[in-house]
Amino acid sequence: MISVSINGTAKALAAPISVAELLQQMELTGKRIALERNGEIVPRSQFAQQTLADGDQLEIVGAVGGG
Amino acid sequence: MSNDNLIIGGKAYNSRLLVGTGKYKDFAETRAALDASGAEIVTVAIRRTNLGQNANEPNLLDAVPMSKFTYLPNTAGCYTADDAVRTLRLARELLDGHSLVKLEVLGDPQSLYPNVIETLAAAKTLVAEGFQVMVYTSDDPIVAKQLEDIGCVAIMPLASLIGSGMGILNPWNLQLIMDRVSVPVIVDAGVGTASDAAIAMELGCDGVLMNTAIACAQNPVLMASAMKKGVEAGREAYLSGRMPRKLYSASPSSPTAGIISSVRS
């Protein structure tokens with residue numbers, strides 16, 4: 001198991017797990033989101049290739065109403 | 001007025017009214033207000049996805065499609081250059097490489113006044129990374145010029161505090177900015193009603209950006225229509241060239257000859 005932070009909340013995950021697999025677990029596959037891993041953008045094209053590591057900090061964002 | 005376009009970053013827009021998408025009752029009201037405003041550029045915020053959300057939850061992107069509106073992702077809520085830059089990198093990834101962004105770096109949560117030092121630092125980084133930066137700033141003409149020199153595509157000074165509806169508090173500073181800056185100057189924040197928008201445009205501003213004035217009106221859709229007209233009226237008045245003010249020298253509008261004589265009693 002590894003522990004990662006997703007939008008500020010700690011989550012335990014069975015390793016190994018890719019970004020794409022995590023998004024699938026979270027039912028976010030195909031949703032319009034953007035993902036940052038440890039301060040760096042992970043392009044959509046890299047979701048399948050990048051494997052998460054213990055201690056990773058992820059930010060997953062979308063567009064909402066704002067001024 | 002069909003040729004009087006607003007040019008930002010090399011792209012022409014018909015509407016000089018830019019509007020936010022926050023604070024509406026629901027997405028249907030958001031969309032109705034946007035349509036009534038005639039706005040083409042609409043600001044959006046970038047926020048953490050609500051994890052575990054209902055997959056069928058309504059989505060801003062469905063109500064306000066990117067095919068019909070130019071999205072202007074903002075950095076609202078950011079207090080450091082670093083957070084603002086990270087937010088807009090996420091926005092660019094989210095919106096398929098879209099590079100037109102609204103940079104705002106705030107100074108404190110009470111006034112939401114811009115932190116111009118952090119704003120300048122963020123603008124430098126973003127311009128270097130190829131973003132087209134429309135920048136929210138104070139009405140300081142020196143800072144405005146520095147932001148233009150960095151390469152920002154529009155300077156967006158506040159008219160008064162964000163969400164305050166206090167109107168155009170310092171028209172002289174807006175004028176000083178317009179005298180110094182050649183990229184579009186867009187009043188961002190503080191407009192309360194249609195006459196405020198008209199005043200900004202009469203001063204010669206290139207556009208007005210607002211959210212609360214429309215969203216928090218009793219009837220947002222009607223106010224959106226009023227703002228559209230206020231911006232258009234102000235723009236046409238500016239282009240017309242107003243008559244000079246003549247203090248203490250009245251001038252009749254009707255002929256002075258041919259007036260019937262007084263009847264003597």
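Within region B:208-232, residues that are part of a helix (DSSP H, G or I) reach partners that are hydroxyl-bearing (Ser, Thr, Tyr) and open to solvent by less than 10 Å² (accessible area, probe 1.4 Å) with beta carbons closer than 7 Å, at six or more positions or on different chains, in the pairs B:214/B:37; B:224/B:37; B:227/B:37; B:228/B:37.
Select from region B:24-44 the residues that are away from chain A (no Cβ under 12 Å) and in a helix (DSSP H, G or I) and list them in ascending order. Correct list: B:28, B:32, B:35, B:36, B:37.
The number of residues in region A:31-40 that are at pLDDT 95 or above, open to solvent by 50 Å² or more (accessible area, probe 1.4 Å) and at the interface with chain B (Cβ under 8 Å from one of its Cβ atoms) comes to 0. In a residue-by-residue description of region A:7-30, the property of being at positive phi and surrounded by 15 or more Cβ atoms within 10 Å (Cβ to Cβ) applies to at least one position.
Considering region A:37-67, and only residues there that are in a strand (DSSP E or B) and of a type outside the set (A, V, I, L, M, F, W, C), the residue that is farthest from residue B:20 (Cα to Cα) turns out to be A:51.
From the list B:250, B:217, B:189, the lone residue that is at pLDDT 95 or above and either surrounded by fewer than 18 Cβ atoms within 10 Å (Cβ to Cβ) or among the small types (Gly, Ala, Ser) (or both) is B:217. Selection of region B:11-23 for residues being among the basic types (Lys, Arg) and more than 13 Å from chain A (Cβ to nearest Cβ) yields B:11, B:16.
Within the set B:235, B:245, the sole residue that is open to solvent by less than 80 Å² (accessible area, probe 1.4 Å), more than 13 Å from residue B:19 (Cα to Cα) and of a type in the set (D, E, K, R) turns out to be B:235. Annotation: residue B:63 fulfils all but one of (1) in contact with a Lys or Arg (Cβ under 6 Å, 6 or more places away or on another chain); (2) open to solvent by 40 Å² or more (accessible area, probe 1.4 Å); (3) modelled with pLDDT under 95; the unmet one is (2).
Here is the figure for region B:91-117: residues that are under 19 Å from the mean Cα position of the chain (by Cα) and within 13 Å of another protein chain (Cβ to nearest Cβ) total 5. Scanning region B:116-144 for residues that are closer than 19 Å to residue B:73 by Cα and part of a loop (DSSP other than H, G, I, E, B) gives B:129, B:130, B:131. The listed residues are B:12, B:36, and the only one of them that is in contact with a Pro (Cβ under 9 Å, 6 or more places away or on another chain), open to solvent by 20 Å² or more (accessible area, probe 1.4 Å) and under 24 Å from residue B:231 (Cα atoms) turns out to be B:36. If you go through region B:66-90 and keep only what is farther than 22 Å from residue B:208 by Cα and either facing chain A (nearest Cβ under 7 Å) or surrounded by fewer than 21 Cβ atoms within 10 Å (Cβ to Cβ) (or both), you end up with B:67, B:79, B:80, B:82, B:83, B:86, B:89, B:90.
The values are calculated or read from the model by the stated rules, or taken from the named source; none is laboratory data. Because the structure is a prediction, the values reported are computed rather than measured. All Cβ positions, glycine included, derive from the backbone under ideal geometry; neighbour counts span all protein chains shown. Protein only, heavy atoms only, side chains kept; ligands, DNA and RNA dropped before computing areas. Shrake-Rupley method; radii C 1.70, N 1.55, O 1.52, S 1.80 Å.
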